[in-house]
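Structure, as structure tokens:
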Amino acid sequence: MCETWDAVTTYGRLRASGTSRRRISAQVASGALVPLRRGVYARAAACDTVRMAAKHGGALCCTSAARHAGLWVLAPEGDVHVWMGGHGHAYEHDGCCCIEHWDDAQRADSFGQPSIPRMLRQILHCHGVEDFFVVLESALRQRRITDAGLAWLRAATNPTSREAIAYARSDADSGLESLLRWRLRHHGLRIRSQVNVVAVGVVDLLIGDRLIIEADGASNHDDLPSRHKDRMRDANAAIWGYVTLRFDYAMILHDWETVEMAILTHVGRGLHLAGRAGR
Ligand SMILES: [Zn+2]
Ligand SMILES: [Zn+2]
Ligand SMILES: [Zn+2]
């Protein structure tokens, strides 16, 4: 993430704010300003994705802007989503992996990033409602979206997103929790994340009272010490009457049918509820 609010600037803007031509040249020479193309500069503190978007002719938007803003994003990092506005101009550049967005709105110049509600609408259209829901709950959690922003979003999107907005909460602790709550929403389960379970520690998700869901893959669970630690956690959980299901992120994202069936089979046997097991 860039450590400056105006990561990308232009010759015109610099001149308008009183920077002399000589000072601009001096800043280019010292590396404080990095020319991206004619008349467009990145500040030294600008990160690579922001520079890439500016080279392409726009600003980060959609999931790229959400990730850059510190919100949870399901889609893996890779493509750079670039907001061209309604009248932008796309430029060729080396290493381009840009996905262009052309929705129009007023902004100061081509390098202004979208507001969080607009970002969310871009995500809805570009990635679908699940990604939208996860970023939305993250924005609510961080108090980054206002009631007015939500009202705009309701008016500017579709019934599916309105269902997601109605269902969203401001206390989700992880993107994984948001995703599982959304996908399991018709089953009326209580799902919490980052719960501190006695003798086990903090678990990824707890369904009901006793069903622990661990999602491996965010950090490395494959080396021997981690594997040993995971086995110890599972054993301790069992001793204290918990049941653990362990998935990796790839399964959750790409083989949801299997994950859902495993969870719902346990739930069907009442294994998520206190005091109903052992028969
Ligand atoms: Zn940045
Ligand atoms: Zn996009
Ligand atoms: Zn590009």
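The values are calculated or read from the model by the stated rules, or taken from the named source; none is laboratory data. This one's a predicted model, so the numbers in the text were calculated from it and none came from an experiment. Cβ: placed from backbone, ideal geometry, glycine included. Neighbour counts: every protein chain shown. Ligands, DNA and RNA are stripped out before the accessible areas are found, and what is left, the full protein with its side chains, is counted by its heavy atoms. Shrake-Rupley method; radii C 1.70, N 1.55, O 1.52, S 1.80 Å.
Exactly one residue out of Cys2, Cys47 is within 16 Å of ligand 3 (Cβ to nearest atom) and either without any contact (Cβ under 8 Å) to a residue 40 or more places away in the chain or out of contact with any strand residue (DSSP E or B) (no Cβ under 6 Å at 6 or more places or on another chain) (or both), and it is Cys47.
Quick check, is Arg51 basic (Lys, Arg), open to solvent by 30 Å² or more (accessible area, probe 1.4 Å), within 11 Å of ligand 1 (Cβ to nearest atom) and in a helix (DSSP H, G or I)? The answer is yes for Arg51.
Can you find a residue that is under 27 Å from Val40 (Cα atoms) and without any contact (Cβ under 8 Å) to a residue 12 or more places away in the chain anywhere in the stretch 111-134? No, because not a single residue in the stretch 111-134 is under 27 Å from Val40 (Cα atoms) and without any contact (Cβ under 8 Å) to a residue 12 or more places away in the chain.
May I ask you to list the residues in the stretch 136-167 that are of a type in the set (Gly, Ala, Ser) and open to solvent by 20 Å² or more (accessible area, probe 1.4 Å)? Once the filter is applied, which keeps residues that are of a type in the set (Gly, Ala, Ser) and open to solvent by 20 Å² or more (accessible area, probe 1.4 Å), the stretch 136-167 yields Ala148, Ala151, Ala155, Ala156, Ala166. The sole residue among Gln113, Gln106 that is within 20 Å of the chain's Cα centre (by Cα) and open to solvent by 70 Å² or more (accessible area, probe 1.4 Å) is Gln113. Residue selection: Ala29 satisfies the criterion of being small (Gly, Ala, Ser), out of contact with any Pro (no Cβ under 7 Å at 6 or more places or on another chain), open to solvent by 20 Å² or more (accessible area, probe 1.4 Å) and in a helix (DSSP H, G or I).
Condition test on Ala90, is it free of Cβ contacts under 8 Å to residues at least 60 places away in the same chain, within 16 Å of ligand 3 (Cβ to nearest atom) and surrounded by fewer than 22 Cβ atoms within 10 Å (Cβ to Cβ)? When the stated conditions are applied, Ala90 passes them.
The rows are residues; the columns are (1) at pLDDT below 95; (2) more than 16 Å from ligand 1 (Cβ to nearest atom).
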| position | (1), (2) |
| --- | --- |
| Glu77 | yes, no |
| Cys97 | yes, yes |
| Glu100 | no, yes |
| Pro114 | yes, no |
| Met119 | no, no |
| Leu124 | no, yes |
| Val135 | no, yes |
| Trp152 | no, yes |
| Ala156 | yes, yes |
